[in-house]
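The structure under discussion appears below in the form of structure tokens.
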Amino acid sequence: MSRMTGVGVSSGRAAGPIVRVADPLPEPAATPAPADPAAEAARIRPAADAVSEGLFQRAAKVGGDAKAVLETTAAMAMDPALTSQAEQLVATRSLPASRAVFEAANGFADALRAAGGYMAERARDVHDVRDRIIASIEGITPPGVPEITEPSVLIARDLAPADTADLDPELVLALVTEEGGPTSHTAILARALGIPAVVAVRGVLDAAASGATVDGDEGTVELSEAAVAARAAERTEHADWDGVGRTADDAPVKVLANVGSATDSTAAVEAGAQGVGLFRTEFCYLGADEEPDVATQRAAYAEVLAPFAGKPVVVRTLDAGADKPLAFLDMGVEPNPALGVRGLRVAFDRPDLLDTQIEAIAGAAQDSGAEVSVMAPMVATADEAAWFAERARAGGIDRVGVMIEVPAAALSAAEILQAVDFVSIGTNDLAQYVFAADRMAGALAGLNDPWQPALLRLIGMVGEAGRLVDKSVGVCGEAASDPHLAGVLAGLGVTSLSMNAPAVRAVGAALAQHPLDTFRKAARAALEAPSAAAARHTTKTTLA
Ligand code: PEP
Ligand code: MG
């Protein structure tokens, strides 16, 4: 038996036989030149159509996000820009069809990667489509998840959205990936399915075992044959929750949802979220070529807010810039986008953008009846917070906050809280900036682990600053969706947790299990732990 360590990103423990997800195809050769280039080029479009058709068929059998993911990938496969570029490469450079698709798709993927942020994440999807079309041309098995016939542990290099969109949760006991980080698609998916997952397990693909026991809390994978026989899964318990976020002794900790669309809002209401702690408005505009006017923005926001009439919703102003490029912003190229003009920094040069958005949000609040607050992303100083608060209040917003996702802001929480009504900690970015570790880099996933004691210490400082002035301190990064961490965050002074809808019930139930003092004790122990793994472990013991 061998034990491997990675980063646990979704809690629970499960054991079962291993199913390996096929690796991407090898790079197709650029030779031999086709004897009949026209006939060779003619192989591309039918192959792309077949891929697209297959994905649409899978999409027809599922609903919700899975359907959307599969349809998007299907549409990408039949994008005429991709196929005609590949056909041209056959004609002009005498490349075999597979090689031409490979080069054309890589060109698109490179352009997306250069754009950074969300666009860069789409590069993974283009590679997935590329490999499916090449497999179709070559008549070989496409990469991705093979058919799963019995409950199994899925092991992959990383998972693309189309790999996982229609996975049957009854048949997937756990996910393990060699790459990926806490905010990767695999991590989000596993939490959504309520199954254990460990990412960034170096070398797991090369291990020869046929069974595995996965511990998403400890971040370990034990490879053995015995696990196949055991085939026991302790799924994350979604214990009963009465829908009110509070500890066992009634200290309130609101359980809120992160949303980016009306579909998300509906799912959040169904999950029992008490409100919205983060509405990522930039999701409404990722495809827009021009700045949407006030009426367009107002209507888009009102649609997302409507399911939460009478409930609290925190709307975040545009978190755009070089890292999350919006076509209409035209910010130019930055050498180091994560440290560049992003979030609120965009508004310093373009306050008109902020004013337009505030006007639209205030209007949408009236239209929807939601109790709307507004917060700014990527705030670094108390001056910036005050600048934003003044503008938002002048635009008719009563309750104004800022995100704490830059270490300087965490260190200045007391000063910042003088200028605003609340703060919300974005642990995804705060971790990346505290550890100087790109949040998208699988190799650095261990540093972006929300259980890292240094990150918890910063959260504790912000919690204490909030407690002293009796203002609320939320967490709206991925850290908030870990039910085992929820109590520790409450113990550090966090008064609301905001997460993707599927995590809501488990987090609500976890908070209700112990009184606040027990969570404070667990938090103290986690702060003193020498590592993220030790913090997890000591919390488990304290809260057992
Ligand atoms: C965060 O950084 O934790 C956060 C919630 O913002 P985003 O993930 O949108 O950058
Ligand atoms: Mg952020």
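The values are calculated or read from the model by the stated rules, or taken from the named source; none is laboratory data. No experiment lies behind these values; they were computed from the predicted model shown. Cβ atoms come from the backbone with ideal geometry, glycine included; neighbour counts cover every protein chain shown. In case anyone asks, the SASA skips ligands and DNA or RNA and just uses the protein heavy atoms, side chains included. Shrake-Rupley method; radii C 1.70, N 1.55, O 1.52, S 1.80 Å.
Residues in region 121-160 that are assigned to a helix (DSSP H, G or I), charged (D, E, K, R) and open to solvent by 20 Å² or more (accessible area, probe 1.4 Å): 121, 122, 124, 130, 132, 138.
When region 252-266 is filtered for residues that are more than 15 Å from ligand 1 (Cβ to nearest atom) and at pLDDT 90 or above, the ones remaining, listed by number, are 252, 253, 254, 255, 262, 265, 266. Of all residues in region 167-188, those satisfying the criterion of being surrounded by fewer than 24 Cβ atoms within 10 Å (Cβ to Cβ) and closer than 14 Å to residue 21 by Cβ are 167, 171, 178, 179, 185. Scanning region 251-266 for residues that are open to solvent by 40 Å² or more (accessible area, probe 1.4 Å) and in contact (Cβ under 8 Å) with a residue 60 or more places away in the chain gives 252, 254, 263, 264.
Per the conditions (1) more than 13 Å from ligand 2 (Cβ to nearest atom); (2) outside any strand (DSSP E or B); (3) surrounded by 17 or more Cβ atoms within 10 Å (Cβ to Cβ); (4) within 24 Å of the chain's Cα centre (by Cα), the sole criterion not satisfied by residue 374 is (2). When residues of region 474-497 are filtered for being part of a helix (DSSP H, G or I), within 16 Å of ligand 2 (Cβ to nearest atom) and under 23 Å from residue 417 (Cβ atoms), how many remain? The qualifying residues number 2. Name the one entry in 429, 449, 438 that is farther than 21 Å from residue 250 by Cβ, under 22 Å from the mean Cα position of the chain (by Cα), open to solvent by 50 Å² or more (accessible area, probe 1.4 Å) and within 15 Å of ligand 1 (Cβ to nearest atom). Answer to the selection: 438.
Inspect all residues belonging to region 103-112 and state whether any of them is in contact (Cβ under 8 Å) with a residue 24 or more places away in the chain, in a helix (DSSP H, G or I) and over 30 Å from residue 335 (Cβ atoms). No, region 103-112 contains no residue that is in contact (Cβ under 8 Å) with a residue 24 or more places away in the chain, in a helix (DSSP H, G or I) and over 30 Å from residue 335 (Cβ atoms).
Which one of these is outside any helix (DSSP H, G or I) and farther than 23 Å from residue 256 by Cα: 437, 443, 386, 408?
437
Exactly one residue out of 384, 464 is within 16 Å of ligand 2 (Cβ to nearest atom), more than 30 Å from residue 310 (Cβ to Cβ), acidic (Asp, Glu) and modelled with pLDDT of 95 or more: that is 384. Could you check region 411-434 and list, in sequence order, the residues that are more than 13 Å from ligand 2 (Cβ to nearest atom), touching a Lys or Arg at 6+ places or on another chain (Cβ under 8 Å) and in a helix (DSSP H, G or I)? Selection gives 417 alone. Considered as a group, the residues in region 286-325 that are closer than 22 Å to residue 114 by Cα and buried (at least 21 other Cβ atoms within 10 Å of the Cβ) include one that is nearest to ligand 2 (Cβ to nearest atom), and that residue is 319. Restricted to region 408-426, and to residues there that are touching a residue at least 40 places away in the same chain (Cβ under 8 Å) and open to solvent by 30 Å² or more (accessible area, probe 1.4 Å), the residue that is farthest from the chain's Cα centre (by Cα) is 418.
Could you list, in sequence order, the residues of region 267-285 that are open to solvent by 10 Å² or more (accessible area, probe 1.4 Å) and assigned to a helix (DSSP H, G or I)? Passing the criteria: 267, 269, 270, 271, 283, 284.
For region 254-285, the set of residues classified as closer than 27 Å to residue 516 by Cβ, hydrophobic (A, V, I, L, M, F, W, C) and touching a Ser or Thr at 6+ places or on another chain (Cβ under 6 Å) consists of 256, 278, listed by residue number. Taking into account only those residues within region 8-60 that are of a type in the set (A, V, I, L, M) and part of a strand (DSSP E or B), which is surrounded by the fewest Cβ atoms within 10 Å (Cβ to Cβ)? Looking at residues that are of a type in the set (A, V, I, L, M) and part of a strand (DSSP E or B), I get 22.
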